[in-house]
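These notes are about the structure you will find just below.
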Amino acid sequence: MRKLAAGNWKMNGVAASLAEVKALLAAHPDPVCEMLLCPPATLIAQMAWAAKGSVLKIGGQDCHPKAAGAHTGDISAAMLADAGAGHVILGHSERRADHGEGDALVQAKAQAAWAAGLVAVICVGETEAQRDGGQTLAVVGGQLAGSVPDGATAANTVIAYEPVWAIGTGRTPTLAEIAEVHGFLRAQLTARFGAEAAGMRLLYGGSVKPSNAVEIFAVPDVDGALVGGASLKAADFGAIVAALSAA
Ligand code: PEP
C-alpha cells in the first residue's frame, strides 16, 4: 500500500496561491508517498495544469450526487474529473455541520464519484461531546457503515478519520486514541469487505503539522493524513510529505 498525504485547502486560495504548488513540487518532485491537494473548485483546473507531468494528484472537496441538472451552485463529479481532479473529499465534518449532510447523502456522492472515475475520500469523526460521552467508536462505526457504499475497494476509496474537535484547533487525540479508532475502522472494513480492506488507506486528520507528523505516522493503521491548515504552505505540507515518506 502506498501511503497518502492529502491536503484540503478548504475555502482558501486564489491563483497566486499556486506558487505554493510550484514550491512543493520543486522540493518534493518524487516522494515515496502519494501527494494529493484538494483546492477550492475555482482552482482545480489551474492547479491540475500547474501539476501536469508531476506526481501531484488533484482533488475536489465535494460533489453533487447527481450527474447533471438544475442544481445551482453545485458541481458534479464528472465536472471535477473534467477539470483535472482524480479524487474528491466527501462527508467532511464541515459539510456535515454547515450543510446538514448525512450518511445517506455522502454514500450517494461516493457512488457518483466512482461513476465519474474519482477516488472517494470519505470522512468520519466524532464531536468532542461524543468522545466525552464514550460514543466515539459507535459514531465513527455508524458513519462508516452509512457513508461507504457497497463496492468500495482499495482503489476507489480512502477513509479519513477526523475527530471534529481536532480540526483546526491545534488539539489532537493521544496516539493510543488514534490507534484505537484506526484499528476499529480496519476491523469494520475487514468484516464488510474482506481482504480488500487491508489495502484501503486510513488517513488521520485533525491538526496534523510538521511537529507531530512523525509520531502520528508511526501509529499502526495510519496510512497517511488529511491535512487542512498545514497544507496551505509548501514548507509545512512538504515536511509532512517527507515524514510520511520516511514512515
Ligand atoms: C481538515 O479540515 O480536514 C483538517 C484536518 O484540518 P486541520 O489540519 O487544519 O485540522
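The values are calculated or read from the model by the stated rules, or taken from the named source; none is laboratory data. Just so it is clear, the model here is predicted, and its values are computed rather than measured. Neighbour counts are summed over all protein chains in view; Cβ atoms, including those assigned to glycine, are modelled from backbone coordinates with ideal geometry. For accessibility, only protein heavy atoms count, side chains too; no ligands or nucleic acids. Shrake-Rupley method; radii C 1.70, N 1.55, O 1.52, S 1.80 Å.
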- Item | Å² per residue, accessible surface of the range 1-140 at 1.4 Å | 45 Å²
- Note on the structure: D (µm²/s, integer) via Stokes-Einstein for the range 1-54, Kirkwood Rh across alpha-carbon pairs, 4 °C, 1.567 mPa s: value 111 µm²/s
- Query: Under the Karplus relation 6.51 cos²θ - 1.76 cosθ + 1.60, θ = phi - 60°, what is the ordered set of whole-Hz ³J(HN,Hα) values for the range 13-27, x standing for Gly and Pro?
  - Reply: x, 10, 3, 4, 5, 5, 4, 5, 5, 5, 5, 4, 5, 5, 7
- Given labels modelled 7 Å from the Cα in the Cβ direction, how far is it in nm from THR42 to LYS233? 2.3 nm
- Applied in sequence order to the range 95-104, the curve 6.51 cos²θ - 1.76 cosθ + 1.60 (Karplus, θ = phi - 60°) yields integer Hz couplings, x standing for Gly and Pro, of 6, 4, 7, 6, 10, x, 6, x, 4, 5
- Query: Tell me, what % of the accessible area of the range 1-66 is carbon and sulfur with a 1.4 angstrom probe?
  - Reply: 60 percent
- Note on the structure: With a 1.4 angstrom probe the carbon and sulfur portion of accessible area for the range 111-222, in percent, totals 56 percent
- Item | Under-5 Å amide H pairs with GLY205, H placed in peptide plane, nonlocal only | TYR161, GLU162, LEU226
- Note on the structure: Within the chain, the percent of DSSP beta bridges that are antiparallel, given to the nearest 5, stands at 0 percent
- Message: Under 5 Å between amide hydrogens, which residues at least 5 positions from GLU34 or on another chain qualify, with H placed 1.01 Å from N in the peptide plane?
- Response: LYS3, LEU4, ALA5
- Task: Name the shape class, rounded, prolate or oblate, that the alpha-carbon gyration tensor gives for the range 56-138, where a ≥ b ≥ c are the square roots of its eigenvalues, rounded holds for a/c under 1.5, and otherwise prolate holds if a/b is larger than b/c and oblate otherwise.
- Result: prolate
- Note on the structure: Karplus-derived 3J(HN,Hα) from phi for the range 78-92 (6.51 cos²θ - 1.76 cosθ + 1.60, θ = phi - 60°), whole Hz, x at Gly and Pro, runs 5, 5, 4, 4, 5, 7, x, 7, x, 9, 8, 6, 9, x, 4
- State the Cα centre-to-centre distance between the range 97-158 and the range 176-247 in whole Å. 16 Å
- Would you compute the Debye intensity of the chain from its alpha-carbon atoms alone, equal scatterers and no solvent, and pass along log10 I(q)/I(0) at q = 0.12, 0.13, 0.18 Å⁻¹ to two decimals? -0.62, -0.73, -1.49
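Once you list every other residue whose beta carbon is under 14 Å from the beta carbon of LYS66, what net charge do they have if Lys and Arg are +1 and Asp and Glu are -1?
On the way: positive: LYS109; negative: ASP62, ASP74.
Local net charge: -1.
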